[in-house]
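Student: Here it is, the structure in full.
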Amino acid sequence: MVEHGSAHAAAGSPRVIVFGDVIDDIIVTPTGDIRPDTDTPASIVRTAGGSAANSAAWLAWAGCHVDFIGRVHVTDLDRHRALLVEARVSPHLLGEPDLPTGAIVVIVSADGARTMLTQRGANAALTPRDIGADRLSRAGHLHFTGYSVFRHPRVEDFPDLIRRAHDAGVTVSVDPGSAGFIGDFGGERFLEAIDGSDIIVPNLDEGRALTGEDDPAEMLDALVARFPLVALTLGRDGVALGTRDGIRLTASSKAVSALDTTGAGDAFCASFLAVLLRESSRETDVLSRALSAGLDAAALAVSSIGARPRPTA
């Protein structure tokens, strides 16, 4: 496994804007079955999270220059700025006086399944209009997640953001983020909101919610009809990749065992993107290396508690 995290972003490294959610994760692992109306012993870990902020941290770990745009409660600005700087991300956080910082309680069962109780908080006030033309003009790539789309009152802002990015010569990737929220929002409506994206990285449940298909190959066929490059993560079964020009690849998971799967998809997505952005190519060998790098990062992510890479000196 390659330890990218020890290397800082170098001159000429890809410059990426990540836009989206920043969250306080509370990860609860009960020692046994949860007992209603009384105490259940548990391990409780508080850590920084949010799919977009996690992806920003992993992109920086993989050697990219990363600008992160998000919103937290005003009292948490310094804390979350410091956490992002520690991850070698350049933070551009806005403070909300009336909304709390987003929070998620993640309950991890004995078999590794996760139940997530989510409060969007200040993330709900984030808008694509928070990304100005000047910042886009200095980037090469833009990444955001579905969490920024689901509760936004002006869905048309997202196709507009993608158009603005492309006009600035910036490619766009999207992690759909949540099968449950896609179901609430509407799969076709979500696909229209991210229309024009260059790369999407859904997991199996999200692929099912977006396409109505159960077979991963059929999901890929449906999604590459709309997006040039799709990487469909399959959990323990690895990943399946498809391109609009007919490339199909699969790769097996590299994780031996998982302590905490929170953030594994973000780690995969970030390291996968980092290779593609450095190579500026969609040749089969580059795509294979990108899959391998993503799976290395995902295996590292599940080996410790928390959704971001451990800080490096």
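Read-outs: derived from the displayed coordinates by stated rules, not from any lab. This is a predicted model, so every value here is computed, not measured. For neighbour counting, all protein chains shown are included, and Cβ atoms are generated from backbone atoms with ideal geometry for every residue, glycine included.
Student: How big is the charge dipole of the chain about its Cα centre, in debye rounded to the nearest 20, if each Lys and Arg gets +1 on its Cβ and each Asp and Glu gets -1 on its Cβ?
Tutor: In debye, rounded to 20, the chain gives about 800.
Student: Could you compute the FRET efficiency for A82 and A225, with r as their C-beta to C-beta distance and R0 at 45 Å, rounded to 0.05?
Tutor: Using R0 = 45 Å, I get an efficiency of 0.55.
Student: Continuing with this model, one more query. log10 I(q)/I(0), Debye, Cα-only the stretch 1-133, no solvent, q = 0.11, 0.17 Å⁻¹?
Tutor: -0.47, -0.93
Student: Related question: Enter the per residue convex hull volume of the chain, computed from alpha-carbon coordinates, in Å³ rounded to the nearest integer.
Tutor: It comes to 136 Å³ per residue, whole-number rounded.
Student: Another question about this same structure. At q = 0.16, 0.23, 0.27 Å⁻¹, work out log10 I(q)/I(0) for the stretch 189-256 with the Debye formula, treating every Cα as an identical point scatterer and leaving solvent out; two decimals please.
Tutor: The Debye formula, applied to the Cα set alone, gives -0.48, -0.95, -1.25.
Student: Given Cα positions, please report Rg to Rh for the stretch 186-313, the hydrodynamic radius being the Kirkwood one.
Tutor: My calculation puts Rg/Rh at 0.97.
Student: Express as a percent, rounded to the nearest 5, the fraction of DSSP beta bridges in the stretch 161-311 (both residues included) that run antiparallel.
Tutor: 65
Student: Which residue, chosen from G20, L229, A87, occupies the Cα position most advanced towards the positive end of the dipole of the chain, where the dipole is computed from +1 (Lys, Arg) and -1 (Asp, Glu) charges on Cβ about the Cα centre?
Tutor: My answer, from the dipole projection, is A87.
Student: What does DSSP give for the chain in terms of the percent of beta bridges that are antiparallel, rounded to the nearest 5?
Tutor: About 40 percent, rounded to the nearest 5.
Student: Between the stretch 112-132 and the stretch 198-274, what's the alpha-carbon centroid distance in Å?
Tutor: Computed from Cα coordinates, the inter-centre distance equals 22 Å.
Student: Where in the chain is the longest stretch that carries no GluC sites (Glu not before Pro) classed as loop by DSSP and with at most 15 other Cβ atoms within 10 Å?
Tutor: It works out to 4-155.
Student: Would you calculate, for the chain, the mean residue ellipticity at 222 nm contributed by helices, counting each DSSP H stretch of 4 or more residues as -39,500 (n - 2.57) and dividing by all residues, to the nearest 500?
Tutor: -10000 deg cm²/dmol
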